[in-house]
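Laboratory data are not the source of any read-out in this text; all were calculated from the coordinates shown. A quick note: this is a predicted structure, and the numbers were derived from the prediction, not measured. Glycine gets a Cβ as well: all are built from the backbone with ideal geometry, and neighbour counts include every protein chain shown.
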Amino acid sequence: MRLLIIGGVAAGTSAAAKARRNDETAEIVIYEKDTYISYSSCGMPYYIGGEIDEAEKLTPRTPSFFKHKYNVDVFVCHEVLDIDKAAKTIAVKDLTTGESFKDHYDKLVIATGAKAVLPPVKGAKGDHVFTLRNIGDMNRIKDYISLKKPKSALILGTGFIGLEVCENLVRLGLEVTLIERLPQVTPGLDKDMSLYLEDHLKKNKVTVLTGANVIEIKKDRVLLEDGREICTDFILLSAGVRPNTELAEKAGIELGITKAIKVNDRMLTSAEDIYACGDCTEQFHIVTGKPVYRPMGSTANKTGRITGDSITGGNLTFRGILGTGIFRVFDMVIAQTGLSEKEAKAEGYETVVCHNIKPNKPEYMGGKEMIIKGVADNVTGRLLGVQIIGDEGVDKRIDVFATAITFKAGVDDLFHLDLAYAPPFSTTKDPVMYTGMILDNAIHGDRKLVTAEELKDLMESGKDYNMIDARVLAQYEKDHIETASNFPHETLRQSLKSFDKNTITVTYCNKGVTGNAAQNILLNHGFKEVYNLSGGHKHFRKIFKRINTD
Ligand SMILES: Cc1cc2nc3c(=O)[nH]c(=O)nc-3n(C[C@H](O)[C@H](O)[C@H](O)COP(=O)(O)OP(=O)(O)OC[C@H]3O[C@@H](n4cnc5c(N)ncnc54)[C@H](O)[C@@H]3O)c2cc1C
């Protein structure tokens, strides 16, 4: 069998390596138009910032490594121009000599990846304007910074790549402005969670402009649609990526609704003996079963391996994705998996949402706060998605949640997980378990939650309700939600006569725990409809800032 692979980074080389592991006799050839193969794109922002000291650390594998280890022939600087499905050939151009030739395949893999989206902005091709997709881009940025010594930078787009580069440019001493076209940073997160990130960026002296549209790039400044001008010496366009599908389209291979290449669970395209994997392909979502496009290195490696296995007679199949991702910005870690609240609502789920604010480990071990937003289906009790903002230990929790969602866990299952505990790592009941308990109480018990946005709606609805601030008086006096009365938890039992048990009642404290204790007291005394404010006063104020009337 002659197996040809187009593209030699994550997906292409994974496919080649797995095919070789399964089959010693196949002829395996990779054509890559770039000079680098099998490199770590994900490490590039950290080389730019100097956390990784040598570029070679990101490009440890060469064509001769693949020849010796896997008996795979890798041709770099070779661009595939055409696929002839009927003749089972591809047209290849050697970019060094300019010569073209045809090669025959029995099986073909398209692993052409993705390219950075170039926003249609006048001046976007200036020599101080960059994208970051491959090692060439990375070296150009590094050289520009060391040669021109820019003092300021502007990043268009607030996805994880833009934010990782932002952190590294700040590390180099640049003044960074982030520009986001949409009304919030990192639009994949729910707005309430993105506010923590936005505040953190500002705390680290990054200028953040949301709802801002760049219309022209000039040599030393950009012009915004609203007339503002921002001076800058360096611009990174980081407005997302688009799958490289030109070859596939030209060959009549079907694309999916996301405009990436459509594949089945064996990574086979609509064309016989042609497979595709990695960032050029469409995936499907584990929760909804619907097509999605989430180009990630984790998925590229996985789908590459499945492709190599499928081609060589193995039985691996692709089981979908949850869009799990994690990134660090300064000392904040942001992670998400599964559906956001926004996505779950758009899918028609009756959602229950909690904001669980807990330390990652005991305070006596230096525990730091972690905000876990859990989204669940009120009808089935299934956990649908989680977003976490915190510090150390976010990675561990998000992976537990991703595992739970993959195996269709109900919120009640989380409490029963036998998770590792010792003071340097966790609390006796891990924040994952608390998240499950809160959602379980809300869905299967009568400990209902109200989100900050829902509470605001209630406050503006004209409906009758009581709101109890269950914190101590000093906290209440410092700041409280406008229509709340202060009944501290310790003395609440003595004050029950002040309330009508049939009126909707909302309880809250700082983060949610004491508010829940107050809610328990009211429900146990026959109150009919009591909601605890999810994430408490802290989360409410993150979203609805205090209007200073002093
Ligand atoms: C800065 C940065 C940080 C990232 N961080 C993370 C992270 O933390 N976690 C994560 O999961 N993912 C991350 N990613 C995403 C991850 O790098 C990609 O998902 C992964 O590289 C995709 O691999 P791929 O092989 O499918 O595609 P690519 O890496 O795009 O490789 C495709 C290759 O195909 C070649 N090619 C295309 N057309 C042709 C042709 N006609 N002929 C020959 N060759 C061709 C291209 O030159 C390219 O080298 C990051 C990406 C970037 C840019």
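Angle check, please: helix 452-461 long axis (alpha carbons) against the longest principal axis of the chain (alpha carbons), in degrees 0 to 90, nearest 10. Around 50 degrees separate the two axes. Over the chain, dividing the summed -39,500 (n - 2.57) contributions of all DSSP H runs of at least 4 residues by the number of residues returns a 222 nm mean residue ellipticity of -8500 deg cm²/dmol.
Relative to the longest principal axis of the Cα atoms of the chain, the long axis of helix 160-171 lies at roughly 80 degrees.
Extending 7 Å from Cα along the Cβ direction at Cys231 and again at Asp82 yields two label points whose distance is 5.4 nm. Take 475-485, 327-337 and order them by the average number of nearby Cβ atoms within 10 Å per residue, most first; the result is 327-337, 475-485. Just to be sure I understand the model, the point goes 7 Å from the Cα along the line to the Cβ. What's the resulting Thr210 to Lys456 distance in nm? Label-label distance for Thr210 and Lys456, simple model: 1.0 nm. Positive end of the dipole of the stretch 316-357 (Cβ unit charges, origin at the Cα centre): among Ala344, Ile326, His355, the Cα lying farthest that way belongs to Ile326. Distance between the modelled labels on Glu369 and Asp220, one decimal in nanometres: 4.3 nm (7 Å Cα→Cβ projection).
What does the net charge come to around Leu163 if you take all other residues with beta carbon closer than 12 Å to its beta carbon, with K and R at +1 and D and E at -1? Within the 12 Å Cβ shell, the charges total -3.
So which of Lys115/Lys345; Lys69/Lys107; Lys219/Lys545; Lys18/Lys125; Lys408/Lys456; Lys125/Lys290 end up more than 28 Å apart by C-alpha?
Lys115/Lys345; Lys219/Lys545; Lys18/Lys125; Lys408/Lys456; Lys125/Lys290
Any chance you could list P(r) for the chain, counting all Cα-Cα pairs in 20 angstrom bins from zero, rounded to whole %? Per 20 Å bin, starting at 0, the Cα pair percentages come out as 19, 46, 28, 6, 0.
Among the listed pairs Lys361/Lys538; Lys463/Lys538; Lys396/Lys542, those whose Cα-Cα separation exceeds 22 Å are Lys463/Lys538; Lys396/Lys542. Placing +1 on the Cβ of every Lys and Arg and -1 on the Cβ of every Asp and Glu, with nothing else charged, gives the chain a dipole about its Cα centre of roughly 360 debye. Taking Lys and Arg as +1 and Asp and Glu as -1, the other residues whose beta-carbon sits under 13 Å from that of Leu81 total -3.
Judged by the mean number of other Cβ atoms found within 10 Å, the most tightly packed of the peptides 113-120, 300-307, 97-104, 260-267 leads the ranking 300-307, 260-267, 113-120, 97-104.
A Förster distance of 22 Å, applied to the separation of the beta-carbon atoms of Arg61 and Thr35, puts the FRET efficiency at 0.95.
Rounded to two decimals, what is the ratio between the C-alpha radius of gyration of the stretch 153-252 and 2.2 N^0.38 Å?
That ratio works out to 1.20.
Percent of C-alpha pairs per 10 Å bin in the stretch 86-187, short distances first: 11, 33, 25, 16, 13, 1.
With angles folded into 0 to 90 degrees, how steeply does helix 394-406 sit against the dominant principal axis of the chain? Use alpha carbons for both and round to 10. The helix 394-406 is inclined about 80 degrees to the chain.
In this structure, Ile543 and Asp23 have a Cβ-Cβ separation that, at R0 = 51 Å, corresponds to a calculated FRET efficiency of about 0.35.
Counting only DSSP beta bridges with both residues in the chain, the antiparallel share comes to about 50 percent. Distances longer than 17 Å among the Cα atoms of the stretch 372-480: what percent of all pairs is that? Summing the P(r) tail past 17 Å for the stretch 372-480 gives 63 percent.
Plugging the Kirkwood radius over Cα pairs into Stokes-Einstein for the stretch 322-430, at a temperature of 20 °C and a viscosity of 1.002 mPa s, what D comes out in µm²/s? Approximately 151 µm²/s, per Stokes-Einstein.
Of the peptides 228-241, 417-430, the ranking by mean beta-carbon count within 10 Å, highest at the top, reads 228-241, 417-430. In a fully extended conformation the segment linking Thr428 and Val379 would gain 14.7 nm over its present Cα-Cα distance, using 0.36 nm per residue.
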